[in-house]
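Every number here is computed from the coordinates shown, using simple stated rules; none is lab data. What you see is a predicted model; the values in this text were computed from it and never measured. Cβ placement follows ideal geometry from the backbone for every residue including glycine, while neighbour counts extend to all protein chains displayed.
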Amino acid sequence: MIALRGISKTYTAGGGQTVVALQQTDLDVARGEFLVVTGRSGSGKTTLLNIAAGLARPESGKVLLDGVDLWGLADKEQSRTRNRKMGFVFQFPSLLPSLTVLANVTLPLAFSEGRTSDERARAGELLEMMGLEDKLAAFPRQLSAGQQQRVVIARALINRPELLLADEPSSDLDEETENEIMRLFSHIHTETGVTIVMVTHTKQLVAYGTRHVEMKAGALHADPA
């Protein structure tokens, strides 16, 4: 479904030092996979995810989504592709505090073409899946950290994406809540068949995926021991 070919990316750190985030990186993700990418902080895994999502531009290489070069698209078409085909879950919830749970979940639909009259029903179904059917009118400040992350997951799924990208989605949670969130990801993958790429520094979460690769110093290592 998504393929990275020869991706390289460097950053300039403090003092003018050049940091190699990715070096000639190749990656293939098949449709329906749940790929877990592990690595230490600074290994390049978040950069990998951001480039795959079209949120950061590589210095060289291609990102192919269903055979189309994502970085070869015009900005408007790239944004349309992200909105139509991708859902995003980040480490911190990034919910809008002035909007209710329901409004936060339906927010991506404001940027979608062909909006339908069943938006509220779709959001309600997702929030019921998240165990938040009684929180539609609540505001983010009234939710626990785990509940807020469930709202983010529902928001990521509202457009029925084919690809779900998750960056450390449970690292800010306690162990019990982390396990709940990961069981939810596993359930979503099983029930919907959505392709998931998740990056994490927690190797214990590898068991939730269908495949695991490790990133070290900007390079991927398949099937690490």
For segment 1-73 the trypsin sites (Lys or Arg not before Pro) that pass both the DSSP coil test and the at-most-12 other-Cβ-within-10 Å test are ARG31, ARG40
Taking placed amide H atoms and a strict 5 Å upper bound, the residues 5 or more places from PHE34 or on another chain that come that close are ILE196, THR210, ARG211
Asserting the computed 222 nm helical MRE of the chain (DSSP H runs at least 4 long, -39500 (n - 2.57) per run, divided by residue count, to nearest 500) equals -9000 deg cm²/dmol
Relative contact order as a percentage, the chain, C-alpha pairs under 8 Å and 6+ apart, gives 31
Rounded to the nearest 5, the percent of antiparallel DSSP beta bridges in segment 2-222 equals 50
Result: in the chain the number of Lys pairs with C-alpha under 25 Å apart, spaced 8 or more or on different chains, is 15
Residues meeting the amide H criterion for ALA166 (H placed from the backbone, H to H distance under 5 Å, 5 or more places apart or on another chain) are VAL89, VAL197, MET198, VAL199
Counting as exposed only GluC sites (Glu not before Pro) in DSSP loop states with no more than 16 other Cβ atoms inside 10 Å, the longest exposed-site-free span of the chain is 134-225
